[in-house]
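Engineer: One structure, as structure tokens, below. Some questions next.
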Amino acid sequence: MDNRINIYCEFAFFEKFADLCPQTKNGIPHKDYKHWECYFDMFCGKNDIVITDIEKKEFISQCNDDSIAGQILKLILESHADGRGNLVCLSNEKTNMETHEQDDNGLDYFSKHEQTIFFLNQNEETCRYRENNYGLIFISPETLLNRAELLFTPQRYEINENTKNWSFLKKNISPCNTIYLIDNYILGKESSIIENNIKSLFDAILPSILNKRSFKVIVSTEIPKGQDEQWANKRAEKLKRWIEELRSYKIEVFINYTKNKHHDRNLFSNYFLFDCGYGFILSENEKQKGTKLTIFPITHRSTLAFMQSFKDTINK
């Protein structure tokens, strides 16, 4: 995975995209127009990989239409011309995806697209069904604008003495199947503080349903000074159990003892990076001092760069 966003968009979705643009009223742009424009910039992104389920010559032929939809398709095509972009036309891709699912091999297909955003010309219920199966984002025409705020705008929160737990993160819930937690100091906190924070944090972020695969959690931390690996392993086993017991589906938790070069504590899933200065295992004293939590979406360029840098460190 490089630093490019992977997008799969059915051509039928592209054809509807112009009609999904919010209309101006009395010359005033609709409040959601900026979100539609963000999606358009994504489809035209020179640094993104856009896969669609139609042959290139058919895509080109549709651009000759003088309608608004035809002109939008032409702009998308031109933005990827002459090697400037990464438009990949695979006419069999939709059939390939559906065949894997029909043969109950959907996991084999979707495990190769762990950070892909899917735009499907299907209804919201069908997209939600796939999200619940694979922990990936599937956007339908009817949910396009509703999903935009989280996908394009960083969310910021003040953490202070009024922050009881991490349950407020449930409103930022998004499909995922993997979480990385990076915190050098997590094992050195009091056991009760670790338990309360870990349960609250993961209960807020873990999807309630995951039907077709297990969930993976990777925790990267450091063994506290004065302690040995045996001591750390006992604490790590408790941490694993607290997370695994939160859901009925299988959760695999891996603890890596690695000194991380980043001072800030971070957590990231398939599509979002959570950055918090004091970390996610907070005592009451740390809450009183105050800190900030920022959630960066994958569309924020530095998000992908950080994710990949950390994964490279772990995989060495």
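Readers should treat all values here as calculations from the given coordinates under stated rules, not as data from a laboratory. Because the structure is predicted, anything quoted here is derived from the model rather than measured. Here the Cβ is made from the backbone with ideal geometry for all residues, glycine too, and neighbour counts use every protein chain on show.
Engineer: Residue-wise, which Karplus ³J(HN,Hα) couplings in Hz belong to region 188-195, taking 6.51 cos²θ - 1.76 cosθ + 1.60, θ = phi - 60°, and x for glycine or proline?
Structural biologist: x, 7, 4, 4, 5, 5, 4, 4
Engineer: Using a 10 Å cut-off around each Cβ, can you sort 80, 113 from fewest to most neighbouring Cβ atoms?
Structural biologist: Ordered by Cβ neighbours within 10 Å, fewest first: 113, 80.
Engineer: Once Lys and Arg get +1 and Asp and Glu get -1 on their Cβ, which of 314, 290, 173 lies farthest toward the positive end of the dipole of region 154-314?
Structural biologist: 173
Engineer: In whole Å, what are the extents of region 1-77 along the principal axes defined by its C-alpha atoms, from largest to smallest?
Structural biologist: Each principal axis gives a Cα extent; for region 1-77 these are 41, 32, 17 Å.
Engineer: Something else now. Show the residues, 5+ positions off or on another chain, whose built amide H is closer than 5 Å to the amide H of residue 178.
Structural biologist: 216, 270
Engineer: Net charge near residue 232, counting Lys/Arg +1 and Asp/Glu -1 over other residues with Cβ under 14 Å of its Cβ?
Structural biologist: +2
Engineer: Under a 10 Å cutoff between Cα atoms, tell me which one of 228, 65, 48 has the largest fluctuation in the Gaussian network model of the chain.
Structural biologist: 228
Engineer: Which lysines, on any chain, are close to residue 189 with Cα under 18 Å apart, when same-chain ones fewer than 8 places away are left out?
Structural biologist: 164, 199, 225, 234, 238, 240, 259, 287, 289
Engineer: Take 246, 239 and order them by how many other Cβ atoms sit within 10 Å, fewest up front.
Structural biologist: Sorted ascending by nearby Cβ count, the order is 246, 239.
Engineer: So if R0 is 25 Å, what FRET efficiency would residue 113 and residue 195 give, r being the distance between their Cβ atoms, rounded to the nearest 0.05?
Structural biologist: Taking R0 as 25 Å, the efficiency between residue 113 and residue 195 is 0.10.
Engineer: Over all directions, how big on average is the projection of the convex hull of the alpha-carbon atoms in the chain, in square nanometres?
Structural biologist: Seen from a random direction, the Cα hull of the chain projects 18.9 nm² on average.
Engineer: If you restrict to DSSP beta bridges whose two residues both lie in region 154-314, what percentage is antiparallel, to the nearest 5?
Structural biologist: 60
Engineer: Kindly express, to the nearest 10 degrees and within the range 0 to 90, the angle between helix 124-134's C-alpha long axis and the longest C-alpha principal axis of the chain.
Structural biologist: Long axis of 124-134 versus the principal axis of the chain: about 40 degrees.
Engineer: Can you give me the angle between helix 33-43 and the longest principal axis of the chain, using Cα atoms only, in degrees from 0 to 90, rounded to the nearest 10?
Structural biologist: 90
Engineer: Additional query: Counting residues in region 154-314 as N, plug N into 2.2 N^0.38 Å and put the Cα Rg over that result.
Structural biologist: 0.98
Engineer: Return the calculated 222 nm mean residue ellipticity for the chain, to the nearest 500 deg cm²/dmol, obtained by summing -39500 (n - 2.57) across DSSP H runs with n ≥ 4 and dividing by the residue count.
Structural biologist: When only DSSP H runs of four or more count, the value is -11000 deg cm²/dmol.
Engineer: What Rg and what Dmax come out for region 6-149 when only alpha-carbon atoms are used, in angstroms?
Structural biologist: Every Cα atom of region 6-149 included, Rg and Dmax give 15.5, 52 Å.
Engineer: Ok, one more. Could you point to the residue in 18, 110, 139 farthest towards the positive end of region 6-149's charge dipole, with +1 and -1 charges on the Cβ of Lys/Arg and Asp/Glu respectively?
Structural biologist: Farthest along the dipole direction, towards plus: 18.
Engineer: So what's the net charge close to residue 244: Lys and Arg +1, Asp and Glu -1, counting the other residues with Cβ under 14 Å from its Cβ?
Structural biologist: With Lys, Arg at +1 and Asp, Glu at -1, the neighbours total +2.
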